[in-house]
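Have a look at this one.
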Amino acid sequence: MKESRQILKDPSSIILAFVIPVLMILLFGYCINFDSSYTSVALVLQDEAPAAHSLVERLTGSPNFHCTRAAGHDDAMRMLHRGDVNAVLVIPDDFSRGVESGAGARMLLVSDGTVPNTANFTNLYVQSVYAAWAQERGHAGGIAVQPSYRFNQAAVSRNYVLPASIGVVMSFIATFLTAMVVAREWERGTMEAILASSASRTEFILSKLIPYFVLGMGAMGICLLSTTLIFHVPVRGPLWMVFAEAGLMLFSVLAFGLLISTLVRNQYTASLISLQASILPTILLSGFIFELSSMPQWIQAVSYLIPARYLSRCLTSLFQAGVVPSVMWFNTVALAVSAVFWLGLVFLATPKRLDQ
């Protein structure tokens, strides 16, 4: 109750929880764009003629593609839905005939629209590879790549950016909210009274987490309303699942901020550490902006400690495609493990006596 009253009397906490999320969502929504140089493609080869196999070899040898042969159209679409590939390229059974006759050929490219720039670049890459292949073989006929976008049919970048950015915003806000609460007790001299009271270590930790968890969920609601009402990003998954995933991540990042506050015991230092430890790692290693697969292995290993990595993927799925079990289960379990890990560290770091 004391912590809750202190929040109400401290306007900075209210501003941090409700004003900054809106400003950050607006910033991400208007200012961020992406480029792509690498994509994973599932190939569906319905033409067994030499010309079609020659093109497949050219696509497989391109540095811009990681090609996987699919057993059929349905198998390829399942791979796209699970997120195993970024696009599906279908080479129809009349491809070679159209190329040899000079009338031109058609291919169907089905892309994952949740990452619009990757989808657009994939279309350009396919056309450029075909153009080089056709020039080498002396074919004059053109190619008609018929693009189709799944999950984000309009291929609007904002529909991918904003759901993923919510994890980044929540990580920053929640870490900063709790990064100074224990340090404030030490600076004001009230920690001695708390340690002398009958409150257990678990009760003390919960008293610091629960008010800011409620505040964080309110900030999540603000982010969701801003994303859907201002930028008209659709939500295809159930809202309760959106908040459940956000709640799991909040336990992790609130505990991380509380750990900083417990170890540092100085509000100014704790605020600086929380800024450096939450903003940059979350932005760089959550997969929000930069593709993790293009990073060195040791950096990818570090990224598993970033809770926003898992929340961003859950929210991207829930906003764009709905509930995809293969995506949701892994990232939900990862968020739960992350919460247990950081809460455990806070429990071990919280002192029971003044000399600790």
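Just so you know, all these numbers are worked out from the coordinates, no wet-lab data involved. Note that the coordinates shown come from a computational prediction; the quantities given were computed from them, not determined experimentally. All Cβ positions, even for glycine, are placed from backbone atoms using ideal geometry, and neighbour counts span all protein chains on display.
Multiply the residue gap between L23 and D93 by 0.36 nm, knock off their C-alpha separation, and tell me the result in nm, one decimal place.
So the chain would gain 20.0 nm between L23 and D93.
Determine the sum of side-chain charges near S286: Lys and Arg each +1, Asp and Glu each -1, restricted to other residues whose C-beta is under 11 angstrom from that of S286.
+2
Name the shape class, rounded, prolate or oblate, that the alpha-carbon gyration tensor gives for segment 226-303, where a ≥ b ≥ c are the square roots of its eigenvalues, rounded holds for a/c under 1.5, and otherwise prolate holds if a/b is larger than b/c and oblate otherwise.
oblate
Please list, in chain and number order, the residues 5+ apart from C67 or on another chain whose amide H is under 5 Å from its amide H, with Hs placed from the backbone.
Close amide H contacts, sequence-distant or interchain: V41.
Which Cα, out of P296, W342, A308, lies furthest along the positive dipole direction of segment 243-356 (beta carbon charges, K/R +1, D/E -1)?
Ranked along the dipole, the leading option is W342.
Using Cα centres only, tell me the gap between segment 263-338 and segment 179-238 in whole Å.
19 Å
Right, next: Of V242, Q276, H232, whose Cα points farthest to the positive end of the dipole of segment 188-298 (charges on the beta-carbon: +1 Lys, Arg; -1 Asp, Glu; origin at the Cα centre)?
It is Q276.
What does the charge dipole of segment 44-103 about its Cα centre add up to, to the nearest 20 debye, if the Cβ of each Lys and Arg holds +1 and the Cβ of each Asp and Glu holds -1?
That gives segment 44-103 a dipole magnitude of about 240 debye.
Once the other residues with Cβ under 13 Å from the Cβ of P92 are scored (Lys, Arg +1; Asp, Glu -1), what is the net sum?
-2
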